[in-house]
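The values are calculated or read from the model by the stated rules, or taken from the named source; none is laboratory data. Remember, predicted model here, so these are calculated numbers, not experimental data. So basically every Cβ, Gly included, is an ideal-geometry build from the backbone, and we count neighbours across all protein chains shown. The accessibility values were calculated without ligands, DNA or RNA, using every heavy atom of the protein model including side chains. Shrake-Rupley method; radii C 1.70, N 1.55, O 1.52, S 1.80 Å.
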Protein chains: 2
Amino acid sequence: MGNDIERALKLFIVLSRASKVVLEESNQLLDDYNLNPSEFAVLELLYHKGKQPIQKIGQKILLRSGSMTYVVDKLEGRGLLERVTSLEDKRIIYIVITPTGEELINDIFPKHEQHIKKMMSGLTVDEQNQAIDLLKKLGLSVKNLS
Amino acid sequence: MGNDIERALKLFIVLSRASKVVLEESNQLLDDYNLNPSEFAVLELLYHKGKQPIQKIGQKILLRSGSMTYVVDKLEGRGLLERVTSLEDKRIIYIVITPTGEELINDIFPKHEQHIKKMMSGLTVDEQNQAIDLLKKLGLSVKNLS
DNA sequence: TATTGTTATACTCTATAACTATA
DNA sequence: TATAGTTATAGAGTATAACAATA
């Protein structure tokens, strides 16, 4: 049926638009702290999961080693993280978040949370729960296609 | 309540992930045709709305005039569109999609539609309709915040 | 003077390939 | 040999500012 296609396209469009406005809003907060999404992803990972080898981080946030060096250089230059060579295997360099980096994330996170909460408040509690279930289901099924 | 924040963050994450996998999937199709999202946006606009001044297109897809020149040059080089100077106001240059450009869009669109339909088929018809309503509401309310 | 579009330039982010050092 | 990370280089895409042509 043609309606199936129309419905799917409609869903595609509203999903794209909703995520675009939401992501742009949340990126504005990162801009205030001069962080791009890759840099924020690295810091957040270190903050929540502790020290990590550079290579592991690159695998998680989908950046090649050369690009990781670039990102880490920038964050290290700002004193937000440090390189620490592994004692067991000197090829491995751990990245560790510094107190300054932790302060930054401590500063950003509450604002980030309030920002997100405000954005989502256009939906009722029930609607948010419904949306969570539907989007989780959609995301998983699309991921399984590939 | 802390739960409000947790729920909002959860929604933020599932929305980001779902849209990311969906958009990456749909961009793969554009890659096959060597089009980046900006180029596709220009062609689609011309295809559906007819000839447009370069400046108007830039306003709609959020690109500055210098960047528009770059994008239009590339598409013109591939014979997908043409520049046509306005006769009433010679400062204005309309961009017109060529038959080759229309063929390309004619070729892409059915595949695009089927691709989207397949991605969305992880949700039932009712679920898709619910998701459309919720995302439309969310997108509009976030847009009105700014 | 104001507007449309182009040119020239620079910047950010990413990828790639060759390289160093360690294993 | 293989792996972790760096260096050097290149490319895409965008922004900015100065500019020419037109209004």
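If you average the C-alpha positions of segment B:74-146 and of segment A:71-108 separately, how far apart do those two centres end up, in angstrom?
Segment B:74-146 and segment A:71-108 have Cα centres spaced 42 Å from each other.
What residue among A:ALA8, A:PRO110, A:THR85 has its Cα farthest toward the positive end of the dipole of chain A, where the charges are +1 on Lys, Arg and -1 on Asp, Glu, each on the Cβ?
Going by the charge dipole, the pick is A:ALA8.
If you take each beta carbon of peptide A:120-128 and count the beta carbons of other chains within 10 angstrom, what is the mean?
Per residue, the number of nearby Cβ atoms from other chains is 6 on average.
Compare the Cα positions of A:GLN59, A:PHE40, A:ASN144 along the charge dipole of chain A (+1 at Cβ of Lys, Arg; -1 at Cβ of Asp, Glu; about the Cα centre) and return the one farthest towards the positive end.
So the residue we want is A:ASN144.
Return the FRET efficiency for the residue pair A:VAL125, B:LYS90: r is the Cβ-Cβ distance, R0 is 45 Å, and the value is rounded to the nearest 0.05.
Once the sixth-power term is evaluated, E becomes 0.20.
So which lysines can B:LYS60 reach, going by Cα to Cα under 24 Å and dropping same-chain residues fewer than 8 places off?
A:LYS10, A:LYS20, B:LYS20, B:LYS49, B:LYS51, B:LYS74, B:LYS90, B:LYS136, B:LYS137, B:LYS143
At 1.4 Å probe size, with the rest of the protein present, what percent of the exposed accessible area of segment B:2-145 is carbon and sulfur atoms?
50
How many Å² of accessible surface get buried when A and B come together, counting both sides, probe radius 1.4 Å, rounded to the nearest 100?
Protein heavy atoms only, the A-B interface buries about 4800 Å².
Within 10 Å of each Cβ in peptide A:23-33, how many partner chain Cβ atoms are there on average? Round it to a whole number, please. Walk me through the numbers on the way to the answer.
Numbers: counts 5, 3, 4, 2, 0, 1, 0, 0, 0, 0, 0.
Taking the mean over all residues of the peptide, I get 1.
Assigning unit charges at the beta carbon (Lys, Arg +1; Asp, Glu -1) and nothing else, what dipole magnitude in debye, to the nearest 20, does the protein assembly as shown show about its Cα centre?
So the magnitude is around 100 debye.
Does anyone have the angle between helix A:65-77 and the longest principal axis of chain A? Alpha-carbon axes, 0 to 90°, nearest 10?
So the helix axis and the longest Cα principal axis differ by about 70 degrees.
Over the Cα atoms of chain B, Rg to Rh with Kirkwood Rh, two decimal places?
1.07
Can you put B:HIS115, B:HIS48, A:HIS112 in order of accessible area, largest first, using a 1.4 Å probe?
Ranking B:HIS115, B:HIS48, A:HIS112 by accessible area, largest first, yields B:HIS48, B:HIS115, A:HIS112.
Heavy-atom accessible area per residue, segment A:35-112, 1.4 Å probe: how many Å²? Provide the component values of the computation, followed by the final result.
Values: 4680 Å² over 78 residues.
Heavy-atom SASA per residue in segment A:35-112 reads 60 Å².
Where the label is 7 Å out from Cα toward Cβ, how close does A:TYR70 come to the same position in every other copy, in nm, shortest first?
Nearest first, the other copies' label points are 1.4 nm away.
Helix B:125-145 versus the longest principal axis of chain B: what is the Cα-based angle in degrees, 0 to 90, to the nearest 10?
Tilt of helix B:125-145: around 70 degrees.
What does the helix-only formula give at 222 nm for chain B: each DSSP H stretch with n ≥ 4 adding -39500 (n - 2.57), the total divided by the residues, and the result rounded to the nearest 500 deg cm²/dmol?
-25000 deg cm²/dmol
About its Cα centre, how strong a charge dipole does chain A have in debye, to the nearest 20, once Lys and Arg get +1 and Asp and Glu get -1 at the Cβ?
It works out to roughly 520 debye.
Give the angle, between 0 and 90 degrees and rounded to the nearest 10, that separates the Cα long axis of helix B:37-49 from the longest principal axis of the Cα atoms of chain B.
Taking the Cα atoms of chain B, the angle to B:37-49 is about 70 degrees.
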